[in-house]
Amino acid sequence: MQSFISEDKKKILWDKFYATERSGITAVMRKTHPRILTRDWGEIKERIKTDVHMQHWYDAVIAAAEKLVDAPPTKYFVNIRNNINDCSTEFKYNVIPVAAAYCLTGDVRYKNRVWSELENVGNWPYWGSNAYLCTAHILFAFALCYDWLYNDFSAEERAQIVAWTRDQGFNEAILAYEGVAEFGWWTRGYNNWNNVTNGSNIVAALAFADELPEVAEYITKKAAEGLPYSFGELSADGSYAEPVGYWGYAIGHQVKAMHALNTSLADGETLPECLDFSEVTGLDNTCDFPIYYNGTCGAFNYGDGALETVLVPCMFWLADFYNKPQYTWYASEYMDDCGWKEDCLAKNATEALLWYNPEHAKVKDVKLPLDKFYTSTRKYGANGISMRSAWSKDALVVLAHAGDGTAAHGNLDAGGFILDWKGKRFIHMYGRTPAGLQAGILYSWPNYHKREERDARFMYYHVRGEANNTIIANPEKDMPDMYYQYYAQLVESASEAGSAYGVIDMTSTNHDYENAKRTIALTENRSRVVVTDEITANKPSEFYWFANTTAEVTLSADKKCAVLNMDGDKMLVRIKDAPAEAMLEVVPAIPLETSPHPPQQPVIPENKLRIHMKNIQKLDLCVEFIPQI
């Protein structure tokens, strides 16, 4: 086993922690298994017999298990970021569906496969505590497998699993909590790592509490002390400071910890106060955030966000816990129409089986508001706009970001927007979607996560304003094209039956602005989108307006209009009000001449719309997007 801590320091810490930190959890816990996320697989089996959604997810679990049962064991490897996040995540998704399949069917092939995966990973040289996210993934998977198959493992197998988990997992967690480990910043971190690591540690501590009671007391106490530091990213309106995909990652693990704490309680007992997270501000309505930040063909992928629709089973648990059946309706009925991709279904089906409440699915007359406006304060939640014509896959949807240039995973994308219609993304953002921009690649680029003015993050094309469907002014040679510490707020909004709008104050995005506002409106009985920029600069300025599209583009002779064609569905883009010189151009999706060209930045083989205007001090620019029906 590899570790960064000397054996002498380890001994001091292990001798110290037993008597000093206790949450009180072991005194109120059940002593039987299973107790993590479920107490009764029989009840789940009964639901599968009568509910179409449960049957669908059951089929997905079995299909995943069949693919994995005879596959080679998960291969250990260190990625280009010098951690094992890729293989630890792969292991988690390789073993949990197989464990669930065994619990649902009793097929001994699945049990044998679970043991072979645990044995394989238990003998890995290192569980990756230099990036403790990796350790957390492994601990979580080990905990579920140990708890769910406890009565089917032999005493020798159980003892070996406990030893692997203690030595490779809990040992490194304790060193981090005690402040000795070099990589223990996550223990009280302010971003999604906190929820994932501390949440997973709680789940694992509960699973092994009978065999390691002192460890369970210590881990749950320290994790409970650390988790509140992450709650600041969640606003009272339920929005999250990071891109919506990271919401699913963070809140999903928060829910796993909360549910595991509840299912592990003995009958008639209550949680120790330090472990009761039910009153966390914003958690009761946080599912609104992915609902309104999903379009009809993917998520709103601003910042480092991914395009995949954010649809996580924790929405079922939150719906049940806070009695909000609309969340169950969205995550089952509505999203069935939009479709889960096969890989997403395989990864999420086990938790969907655990958390879905069929009674909530009987609520069919859900009428969600068409619009949502987020106006959180800096570093707490989101600032942005969500408007749509209907809750259908063919709806016209516009989502816009205001936001904070200093937020985790944030880009220079204030005012950036996406536009969906007919199930197609006519105007898109990059996030980490195109080839070469996946997290495993771009997160390894030099200084990518550093956020000072001249750091590499703001030099990469996809991070800059010029790539994010917004407006910039006076770009300087090899400098960020927005002020990198901007804070753009939603300052005005309204929603009516046939229209809606939001106004983003973008003044802070450029030191040359005296006042800058972008208005995004859904007008004409919600049949068109209007983007209006009203900017007063402190000097005559050069402006660039951008909109990314993969559509086939046809420009009018005067270049005041363009038709976007996506597989026969057409949208008119029209300059409604603008300086006389303003014209639409179709240009390659490459950096401006004044922009840097880092060698790592991949070429994105597509075009974008651009409007270029010079020597203007007071700008009034209005562009309409009109679906052609």
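The values are calculated or read from the model by the stated rules, or taken from the named source; none is laboratory data. None of these values were measured; they are calculated from a predicted model. Backbone-built Cβ (ideal geometry, glycine too); neighbour counts: all protein chains shown. SASA here: full protein model, heavy atoms, side chains in, ligands and nucleic acids out. Shrake-Rupley method; radii C 1.70, N 1.55, O 1.52, S 1.80 Å.
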Checking ASN474, ASN469 in turn, the sole residue that is open to solvent by 20 Å² or more (accessible area, probe 1.4 Å), in contact with a strand residue (DSSP E or B) (Cβ under 7 Å, 6 or more places away or on another chain) and under 20 Å from ILE590 (Cβ atoms) turns out to be ASN474
**Asked** Could you say whether any residue in region 607-628 is in a loop (DSSP other than H, G, I, E, B) and either surrounded by 17 or more Cβ atoms within 10 Å (Cβ to Cβ) or out of contact with any His (no Cβ under 7 Å at 6 or more places or on another chain) (or both)?
**Response** no
Counting only residues that are within 17 Å of the chain's Cα centre (by Cα) and aromatic (Phe, Trp, Tyr), region 392-443 contains a total of 2
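Per-residue answers, yes or no, for (1) touching a Phe, Trp or Tyr at 6+ places or on another chain (Cβ under 7 Å); (2) basic (Lys, Arg); (3) in a loop (DSSP other than H, G, I, E, B); (4) crowded, with 21+ Cβ neighbours inside 10 Å:
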| residue | (1), (2), (3), (4) |
| --- | --- |
| TYR374 | no, no, no, yes |
| GLY381 | yes, no, yes, yes |
| ASP394 | no, no, yes, no |
| VAL398 | yes, no, no, yes |
| ALA414 | yes, no, yes, yes |
When restricted to GLU156, GLU211, the only residue in contact with a helix residue (DSSP H, G or I) (Cβ under 6 Å, 6 or more places away or on another chain), surrounded by fewer than 22 Cβ atoms within 10 Å (Cβ to Cβ) and either without any contact (Cβ under 8 Å) to a residue 24 or more places away in the chain or outside any helix (DSSP H, G or I) (or both) is GLU211
Those residues of region 302-334 which are more than 19 Å from HIS253 (Cα to Cα) and either outside any helix (DSSP H, G or I) or touching a residue at least 60 places away in the same chain (Cβ under 8 Å) (or both) amount to TYR302, GLY303, ASP304, LEU307, ASN323, LYS324, SER332
Legend entry - Any chance SER541 is open to solvent by less than 40 Å² (accessible area, probe 1.4 Å) and part of a strand (DSSP E or B): yes
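Okay, residues lined up against (1) of a type in the set (Phe, Trp, Tyr); (2) over 25 Å from ALA65 (Cβ atoms); (3) within 27 Å of the chain's Cα centre (by Cα):
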| residue | (1), (2), (3) |
| --- | --- |
| TYR132 | yes, yes, yes |
| ALA136 | no, no, yes |
| LEU139 | no, no, yes |
| PHE142 | yes, no, yes |
| ASP147 | no, no, no |
| PHE153 | yes, no, no |
| ILE161 | no, no, no |
| ARG166 | no, yes, no |
Per the list (1) buried (at least 19 other Cβ atoms within 10 Å of the Cβ); (2) in contact with a Ser or Thr (Cβ under 7 Å, 6 or more places away or on another chain), residue check on LEU442 breaks on (2)
Taking region 56-85 and keeping residues out of contact with any Ser or Thr (no Cβ under 7 Å at 6 or more places or on another chain), of a type outside the set (A, V, I, L, M) and more than 18 Å from ILE96 (Cα to Cα) leaves PHE77, ASN79, ASN82, ASN83
Do we find that VAL255 is farther than 16 Å from ASN191 by Cβ and either in a helix (DSSP H, G or I) or out of contact with any helix residue (DSSP H, G or I) (no Cβ under 6 Å at 6 or more places or on another chain) (or both) in this structure?
yes
Within region 168-215, of all residues that are closer than 28 Å to HIS449 by Cα and charged (D, E, K, R), the one nearest to the chain's Cα centre (by Cα) is ARG188
Selection over region 497-520 where residues are in a strand (DSSP E or B), without any contact (Cβ under 8 Å) to a residue 60 or more places away in the chain and buried (at least 22 other Cβ atoms within 10 Å of the Cβ) yields a count of 1
Given the condition closer than 23 Å to TRP148 by Cβ, open to solvent by less than 10 Å² (accessible area, probe 1.4 Å) and assigned to a helix (DSSP H, G or I), answer yes or no: does some residue in region 174-186 qualify? no
In region 18-55, residues that are of a type in the set (Lys, Arg) and touching a helix residue (DSSP H, G or I) at 6+ places or on another chain (Cβ under 6 Å) total 4
Going through region 273-301 in order, the residues found to be among the hydroxyl-bearing types (Ser, Thr, Tyr) and outside any loop (DSSP other than H, G, I, E, B) are TYR292, TYR293
Those residues of region 522-549 that are of a type in the set (A, V, I, L, M, F, W, C) and free of Cβ contacts under 8 Å to residues at least 40 places away in the same chain come to a total of 0
Picked from region 71-102 (must be more than 24 Å from the chain's Cα centre (by Cα) and free of Cβ contacts under 8 Å to residues at least 12 places away in the same chain), the residue most open to solvent (accessible area, probe 1.4 Å) is PRO72
Taking region 555-578 and keeping only residues that are of a type outside the set (Asp, Glu), under 20 Å from ALA473 (Cβ atoms) and open to solvent by 30 Å² or more (accessible area, probe 1.4 Å), one is left with ALA578
